[in-house]
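Colleague: Sending over a structure as structure tokens; questions will come in a sec.
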Amino acid sequence: MLCIADVARILYLSDNMLMSAKMKQSQSWHRQLIVLVLAVIAMYVVLPKLGNFRHSLSLLPSANTSELLLAAVFTGLSYLFAAGTYKLLAFHLLHYGRTALVQVAGMFVNRLLPAGIGGIGVNYAYLRKSRHSTAEAASVVAVNNTLGIVGHLLILAVLLLVSFKSLPSPHLYHIKDVRIFIAIAAVAVLAWSVFYYQHKQRIRRAAELFIRQVLLYRKRPRRLSAALACSICLTLCNVLSLWFCVLALHASIPFAAILIVFSFGIILGTATPTPGGLGGIEAGLVAGLVIYHIDGATALAIVLTYRLVSYWLPLFIGAGAFILSERLGYL
């Protein structure tokens, strides 16, 4: 579950490169925006050529409005829980409203940079502005990212234990060519092996540094536990948002299966070197939904709706939050 991009983030923190990344980010945001626009154009050129695309679009007007609103509400709540996690992990007092605004701003920057680097840079800059030293800010960001992984794994483990027998069996033969997924898995294993061989010394140093960072919280077990609970709630909000998009398009799938589909989409999106995982997340979610017995046209309509609620609409809100955070001096 700990993918290459997550290890890269930890290495990124351990080498104290966050401030230089923030500088590069501020200098090249327009270049990343161009990449984002090109990716969108590419999607709209390629998607119409898919057989189910027009049928998927025809399904969108029939979506249940109340369930779409619930999906949007849970997407918004995820940013509030993200702010709560940072407030609990911080070594110095953070204003909750400011922290929530910065989380929304970080979401916007994440849409411009791959692998979550944008959010890391924004939160690091905010913590430094909030009287955190370089080591403290790096520790808070690193522990926050790790709690996200741990929380996700805990939810997945609990739901699989509780509802494994009720899960529908995945039908891989619904996918036209299963060999494609086997090839993707093989490439991922090979890429991880090469990455580890090239960076094993840095990975060990990063692991040692991370252990020292976690030990900073040994006198704060309650705050660390509460931060983990917030991180779990954040993940559940994102999964519930996807689930309500499924229900809005009149499909049916168990919640545990939705979590598996969501995990698959996140893994592919993180491994995709595009702004915000654009393309990778969509492909992973559609494939996961199809495997769990949802027809291709409906699965694509669900994913388009979910990305509209969780990606495109918050993008404009995040842009305003980023500009406001800059003007108020939070970053």
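Colleague: Under the 0.36 nm per residue contour assumption, what length would be gained going from the current alpha-carbon distance of residue 202 and residue 252 to full extension? Write out the running numbers ahead of the final one.
Modeller: On the way: separation 50, 0.36 × 50 = 18.00 nm, distance 4.51 nm.
Additional length available on full extension: 13.5 nm.
Colleague: Another question about this same structure. For the stretch 206-331, what percent of Cα pairs sit more than 20 Å apart? Walk me through the intermediate numbers first.
Modeller: On the way: 4519 of 7875 pairs.
That tail contains 57 percent of the Cα-Cα pairs.
Colleague: Between residue 64 and residue 218, 0.36 nm times their residue separation minus their Cα-Cα distance comes to what?
Modeller: That pair, residue 64 and residue 218, stretches by 50.7 nm at full extension.
Colleague: Assuming a ≥ b ≥ c are the square roots of the Cα gyration tensor eigenvalues, decide whether the stretch 217-285 counts as rounded (a/c under 1.5), prolate (otherwise, with a/b larger than b/c) or oblate.
Modeller: Numbers: a/c = 3.17, a/b = 1.51, b/c = 2.10.
Because a/c hits 1.5 or more and a/b fails to exceed b/c, the stretch 217-285 counts as oblate.
Colleague: Separate question: Any idea how far the Cα center of the stretch 291-316 sits from the one of the stretch 67-124, in Å?
Modeller: Each part's Cα centre sits 22 Å from the other's.
Colleague: Could I ask something else about it? Considering only DSSP states other than H, G, I, E and B, which trypsin sites (Lys or Arg not before Pro) in the stretch 212-241 qualify as loop sites with at most 16 other Cβ atoms within 10 Å?
Modeller: Values: sites: 212, 218, 219, 222, 223; in loops: 218, 219.
Counting only loop positions with at most 16 other Cβ atoms within 10 Å, the trypsin sites (Lys or Arg not before Pro) in the stretch 212-241 are 218, 219.
Colleague: Then there is this: How large is ³J(HN,Hα), in whole Hz, for each residue of the stretch 302-319 in order, when computed from phi with the Karplus curve 6.51 cos²θ - 1.76 cosθ + 1.60 and θ = phi - 60°, using x for Gly and Pro?
Modeller: Once θ is set to phi - 60°, the couplings for the stretch 302-319 become 4, 5, 4, 5, 4, 5, 5, 6, 9, 10, 6, 5, x, 4, 6, 5, x, 4 Hz.
A short reminder: the numbers here are calculations on the coordinates, not readings from a lab. Small disclaimer: the values here were computed from a predicted structure and weren't measured. Ideal geometry is used to build each Cβ from the backbone, glycine not excepted, and the neighbour counts take in all protein chains shown.
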